[in-house]
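Written out below as structure tokens is the structure these notes cover.
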Amino acid sequence: MTALLCALLFFSYRSYVDPKHVYGVWVELNVMESRRDVFRFDELGVYRNDHLITTNFDYNGTKISFETGDGDYLYRISGTKNIPQLKRIEPQSPPQTLVRQEDEEKLEPERSHILRPKVSLSDQFN
């Protein structure tokens, strides 16, 4: 019975830390589309804006960490179960929040004003 419980806990933990939970395309929020970063996590590594930046990353169920030539990066899973987000912890500046590309539309109504370029007052009267 104890062995069965240990096996159940072991496989449950392995499932919890499976990096497949973060595989996919993640897009940066709160920046104009032309300036945002797009990350892709997959079995080959981490890509930023379609460029492979590292072939290895660690996922512990709540945080993602990886090292590049620019230094160490650490992201924390936040948001909700339905719309997870990645908040950058290291480096601290500039702040960065990522959301899965397919979830971006769910956030669009509340964030659309952020993604539009600002219009000057004189442009509104032309």
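Rg over Rh for the stretch 17-114 works out to 0.94, using Cα positions for both radii and the Kirkwood form for Rh.
Determine the gain in length on full extension of the stretch GLU102-SER78; use 0.36 nm per residue of separation and subtract their C-alpha separation, reporting nm with one decimal. If you can, show how the numbers build up before the last one.
Details: separation 24, 0.36 × 24 = 8.64 nm, distance 1.64 nm.
Length difference between fully extended and current span is 7.0 nm.
Once the Cα-Cα distance is subtracted from the 0.36 nm per residue extended length, the THR54 to GLN92 segment shows a gain of 11.7 nm. With the simple model of a label 7 Å out from the Cα in the direction of the Cβ, SER65 to VAL31 spans 2.4 nm.
A short reminder: the numbers here are calculations on the coordinates, not readings from a lab. All values derive from a computational prediction rather than experimental measurement. Every residue, glycine as well, gets a Cβ built from its backbone with ideal geometry; the counts of neighbours run over all protein chains shown.
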